[in-house]
1. Amide H of Arg117: which non-local residues (sequence gap of 5 or more, or other chain) have their own amide H closer than 5 Å, using H built in the peptide plane?
2. Per the 1.4 Å probe, what fraction of the accessible area of region 1-149, in percent, lies on carbon and sulfur atoms?
3. Calculate I(q)/I(0) for region 1-96 by the Debye formula, one identical point scatterer on each C-alpha and no solvent, and give its log10 at q = 0.23 Å⁻¹ to two decimals.
4. Can you run phi through the Karplus equation (6.51, -1.76, 1.60; θ = phi - 60°) for region 147-156 and list ³J(HN,Hα) in whole Hz, with x for Gly and Pro?
5. Hey, could you grab the Kirkwood Rh for region 274-352? Inverse mean 1/r over distinct alpha carbon pairs, Å, one decimal.
6. Taking the simple approach of a point 7 Å from Cα along Cα-to-Cβ for both Arg39 and Ser208, what is their distance in nm?
7. Heads up, I need the accessible area for Met129: 1.4 angstrom probe, whole protein in place, Å², nearest 10.
8. If amide hydrogens are placed 1.01 Å from N in the peptide plane, which non-local residues have theirs closer than 5 Å to the one on Ala98?
Amino acid sequence: VEASYVRLARLAAESPYGSRGLRLIADNAAALPLVVMKREDEDEVASHDGKELDVLRRHWGEIVDTGVWGLFCGGRFYVEKFAPVTGPNAGRPRELRAWRPDELIDVVRDEVTGEPREYVFRGYKGRRMGVEAERVLAIRTFDPFAMRMEESGMPILLGARRALSSAQAADDWNRSLSASGGRLEGFMMPTDPAARTTSKQTAEAQESLDARMGESKRRGTWHVLGSAYKPVPTGMSPKDADFLKKLLSDMEATACVLGVSPQLLAHPKSGSLTDAGVDSEVRALLILTVLPFVRRRILDALSRWLLPEGARFDADEAEIKALQEDEDARWKRYGAAYSEHRVASLEEVREKLNLPPDIDESHTFRTDPAPVAPPASASPPVDPPEPGTPPVPPEAGETAKALGSLEVDVFGRLLDLIPKAA
């Protein structure tokens, strides 16, 4: 399926819904906090430091913008790595650069194996720039209609190309109706239906009419049907001329392909962007679209290319504000597993929550229970009653006075003392 990156990118950029959807994905992806997950034995530990991570964070915005537009509109994009050849940091990235699909001019391949040896990009002022294949990473989507080569890749927005074109045509139609005051193109009809004219007379009348009205190359041209003519205007009601329903259906199709909720694209039937439901829509956008797209399409490829084996780039979901509700639920679930259900130890819970295994006693709320002082007005000890003797009920207010004089700690040890005092 032939789909030009420039064609799709222009359609998406000129569409308010397509451009906003791509901008939402790119902006949310660029705001993701990045970490490096390193495997230690059977566990993965998050690391917030590292030379490769610093380089990726510095160029993350450019890579995300180029990647979102490149994969959605062209099915591919390219990342170039600048790294020293010799020295202790040989091969480790120092800078990164992203290239759009339309900036690739040619791929020089090996004549025997067909593997790329050099990528040729269009640089400053159209200058050809050859880059070694070892320094370029080609990130692309699967294209079922082309060979799996570095120049292939099916655009994700290909499924919305007809919707974008239809929305553009509907907008042009509505603009032409607005410019003509709601009047459509008219035509000329013969005054006498029995009269017959030659084709030459019809052509001369049309040329004369065009010259007089000056509308031969613009919309609203009056056309000649034949014979001696009289103008017959045409028009339509606002209800007939309303293309809003078609425009909304095109918007919904575009939102479906992008993976963005129509409410975030200002759908007129979805309410205002200040509604409480927007929070759930943003959360769905992050979970269903942004995080899978970034992890599978970009971070996984960069991890295999820049990091050693056993490490990978990832997004730290605990630092994303829109997902704090899920993070709070996770902490609550692990806390209940330790404190209520007793199915996990404290060390296991701290490991699941990415907390250090050592517990600082000064940061805990556990205190030794204070000794309970006897009540000041307590009576001397009384011998226990003989077996079979009915208990003597206490006098009114005596139990309340005894409990009120007890000293208890903040953890409610009074609950242990109530049965004994009663």
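1. Correct list: Val108, Arg109, Asp110.
2. On the way: 3890 of 8190 Å².
Accessible surface attributable to carbon and sulfur in region 1-149 totals 48 percent.
3. -1.15
4. Once θ is set to phi - 60°, the couplings for region 147-156 become 5, 7, 10, 5, 9, 9, x, 8, x, 5 Hz.
5. Its Kirkwood hydrodynamic radius stands at 15.1 Å.
6. With each label point 7 Å from Cα toward Cβ, the separation is 8.8 nm.
7. Only protein atoms counted, so the area is about 60 Å².
8. Those lying under 5 Å, H to H, from Ala98 are Glu80.
The values are calculated or read from the model by the stated rules, or taken from the named source; none is laboratory data. In this text, all values refer to a predicted model and were calculated from it rather than measured experimentally. Cβ sites come from the backbone with ideal geometry, for glycine too, and all protein chains shown count toward neighbours. Calculation scope for accessible area: heavy atoms of the full protein, side chains included, ligands and nucleic acids excluded. Shrake-Rupley method; radii C 1.70, N 1.55, O 1.52, S 1.80 Å.
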